[in-house]
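The values are calculated or read from the model by the stated rules, or taken from the named source; none is laboratory data. Since we're looking at a predicted model, the values are computed, not measured. Backbone-built Cβ (ideal geometry, glycine too); neighbour counts: all protein chains shown.
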């Protein structure tokens, strides 16, 4: 999680390993929360349409929604590491093909031209 604590900007870079491990941690967290909701529902024999289950489910969705911005920042920094601009994130708006292309871009190795984003991040930190 040091990747998310590194700084609160969208600038700088994050390598492939840290990026994918952080996404894996997010996925494990969401799966564990969903599993917990399921186990509570089964253990208490709650109906799926009961208020308690609905509150737990909407709470889970709220937690997922709160994670969107940090993941967006992290993805932008990963694109910077590959030497690409963050505008490539707009590919998520293109159904199916855009997501596939974005995943391929996120799998690219570190590129030396990505250092230009690191210099901008350092300038931002010094000005604060």
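Determine which single condition residue 50 fails, assuming it passes every other condition in (1) surrounded by 12 or more Cβ atoms within 10 Å (Cβ to Cβ); (2) over 26 Å from residue 89 (Cβ atoms); (3) at pLDDT 90 or above.
The number of the failed condition is (3).
Can you tell me which residue is nearest to residue 14 (Cα to Cα) among those in the range 26-47 that are exposed (fewer than 13 other Cβ atoms within 10 Å of the Cβ) and under 22 Å from the mean Cα position of the chain (by Cα)?
Going through the qualifying residues, I end up with 27.
List pairs: first in the range 31-55 and under 21 Å from residue 67 (Cα atoms), second in a helix (DSSP H, G or I), Cβ under 8 Å, 6+ apart or cross-chain?
Listed by first residue and then by second, the contacts come to 33/60; 33/63; 34/60; 37/53; 37/56; 37/57; 37/60.
Kindly provide the set of residues from the range 53-79 that are surrounded by 13 or more Cβ atoms within 10 Å (Cβ to Cβ) and farther than 30 Å from residue 105 by Cα, ordered by number.
Answer for the range 53-79, where residues must be surrounded by 13 or more Cβ atoms within 10 Å (Cβ to Cβ) and farther than 30 Å from residue 105 by Cα: 53, 56, 57.
Going by the structure shown, is residue 84 closer than 30 Å to residue 112 by Cβ, buried (at least 17 other Cβ atoms within 10 Å of the Cβ) and free of Cβ contacts under 8 Å to residues at least 60 places away in the same chain? Talk me through it step by step, then tell me what you get.
Numbers: closer than 30 Å to residue 112 by Cβ: yes; buried (at least 17 other Cβ atoms within 10 Å of the Cβ): yes; free of Cβ contacts under 8 Å to residues at least 60 places away in the same chain: yes.
The answer is yes for residue 84.
Pick from the range 3-19 the residues that are surrounded by fewer than 16 Cβ atoms within 10 Å (Cβ to Cβ) and within 21 Å of residue 63 (Cβ to Cβ): which of them is modelled with the highest pLDDT?
Out of the qualifying residues, it is 8.
Against the condition over 16 Å from the mean Cα position of the chain (by Cα) and at negative phi, how does residue 75 come out, does it pass?
So residue 75 does not fit the description; no.
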